[in-house]
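The values are calculated or read from the model by the stated rules, or taken from the named source; none is laboratory data. A quick note: this is a predicted structure, and the numbers were derived from the prediction, not measured. Neighbour counts are summed over all protein chains in view; Cβ atoms, including those assigned to glycine, are modelled from backbone coordinates with ideal geometry. In case anyone asks, the SASA skips ligands and DNA or RNA and just uses the protein heavy atoms, side chains included. Shrake-Rupley method; radii C 1.70, N 1.55, O 1.52, S 1.80 Å.
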Amino acid sequence: MAKVGWIGLGNMGSPMSGNLIKAGHEVTIWNRTKAKAEAVLAAGAKWADTPEAVAESSDFIFTMVSDGPALHAVILDGNGVADGLAAGKIVIDMSTVSPAESVKASKAVEAKGCKFLRAPVTGSTVLAQNATLGILASGDRASYDKALPLFEAMGKNQFYVGANEEARVLKLSLNMMIGTSMQMLAEAVTLAEKAGLDVAQVCDVIAGSAVGSPVVGYKVALVSAGQYNPAFSVKLMMKDFDLAFDAAKQYGVPLPITAVTRQALQSAAATGRGDKDFSVLVQVLEEQANIKR
Ligand code: NAP
């Protein structure tokens, strides 16, 4: 069994690290807010006082934090992962960050004679709990092969997509489609609802139709109930859209539909819904269409 370090115990990191413990690995954890680590400690993890100490005691060091600045804080800051690395260790970041932010982290890790894998995930908290995430990985192939049993403890589908930042770009492409699908769902539901149809029935029909993708299936219960407790927040989706625009600028690609959806997410955040699930886009459009539920 592997000696695994885990940094970042938010909505995703807690169940993912929990699945590594269930699979029998020795897991050492750190989270900025220690109180959030209680469940994973109760499940059998060991606590380390700094990211540096996590790196010292582990062969594989995972990070699962909000964004690029958080990733840089846990890797590059004083008492960060880089300070605790010795040659031969493998650092695996599963957060969603931009290719440029990823390069900065990888340079710090590689300067210590270690390997850096990018392994962002597709799927939300329920899939994290059920160990059925999709894992998109890029970086050193031999390190990926060594880490594969760990990925298999957390996910159902693993894809190795290249030697550098490929996984970062693919993750952003997927999230653009997930976000824009939700705006399309908002427009379809709101039109039908304003015309007098029953929202729950409309959701059932859409979920069972040719456009009933898995993400639509996950969200129709929230939409039917008009309750948008977060699995993936508006704020995090806005972050991912902005990272996609950065990448699109870098590669010279226009993203017109993504740009419109970004404005809808902004409306949600500006009206106090930044911490709601991003499917709250339906509620935002309902209000714009003067529908009161
Ligand atoms: P989350 O619940 O908001 O947790 C964020 C984690 O990052 C927490 O552990 C937080 O520590 C830590 N963090 C934030 N800023 C930090 C800093 N400056 N220094 C140290 N730690 C810091 O987020 P999540 O939903 O788990 O998402 C984690 C990543 O996965 C994000 O990149 C997200 O885009 C991606 N993702 C999320 C989902 C989803 O459905 N939620 C799906 C796929 C991918 P504290 O506990 O101290 O705040």
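Values as computed for the structure displayed
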| item | result |
| --- | --- |
| Hits in segment 162-171 (condition: open to solvent by 40 Å² or more (accessible area, probe 1.4 Å) and within 16 Å of the ligand (Cβ to nearest atom)) | VAL169, LEU170 |
| Flag for GLN250 being outside the structural domain of PHE62 (by TED's automatic domain parsing) and within 17 Å of GLU101 (Cβ to Cβ) | yes |
| Hits in segment 146-161 (condition: within 23 Å of PRO15 (Cβ to Cβ) and either surrounded by 17 or more Cβ atoms within 10 Å (Cβ to Cβ) or among the aromatic types (Phe, Trp, Tyr) (or both)) | ALA147, LEU150, PHE151, ALA153, MET154, GLY155, GLN158, PHE159 |
| From LEU174, LEU127, LEU71, LEU136, residue being assigned by TED's automatic domain parsing to the domain that holds ARG262, within 11 Å of the ligand (Cβ to nearest atom) and within 24 Å of PRO230 (Cα to Cα) | LEU174 |
| Any helices (runs of 4 or more DSSP H) falling wholly within segment 16-114 and containing at least 3 residues that are within 30 Å of PHE241 (Cα to Cα) and modelled with pLDDT of 95 or more | 68-76, 99-110 |
| Some residue of segment 32-51 being surrounded by 18 or more Cβ atoms within 10 Å (Cβ to Cβ), among the hydroxyl-bearing types (Ser, Thr, Tyr) and within 9 Å of the ligand (Cβ to nearest atom) | no |
| Residue identified as more than 28 Å from GLU101 (Cβ to Cβ) and either among the hydroxyl-bearing types (Ser, Thr, Tyr) or in contact with a helix residue (DSSP H, G or I) (Cβ under 6 Å, 6 or more places away or on another chain) (or both) among SER224, SER233, SER267 | SER224 |
| Single residue of segment 115-132 satisfying the filter (in contact with a Ser or Thr (Cβ under 7 Å, 6 or more places away or on another chain) and within 21 Å of PHE241 (Cβ to Cβ)) that is modelled with the lowest pLDDT | GLY123 |
| Close pairs (8 angstrom Cβ cut-off, 6 or more residues apart or separate chains): outside the structural domain of GLU101 (by TED's automatic domain parsing) and at pLDDT below 95 in segment 222-242, part of a helix (DSSP H, G or I) and near the ligand (Cβ under 8 Å from one of its atoms) anywhere | ALA231/THR125; PHE232/THR125 |
| Hits in segment 1-15 (condition: near the ligand (Cβ under 8 Å from one of its atoms), of a type in the set (A, V, I, L, M) and outside any loop (DSSP other than H, G, I, E, B)) | ILE7 |
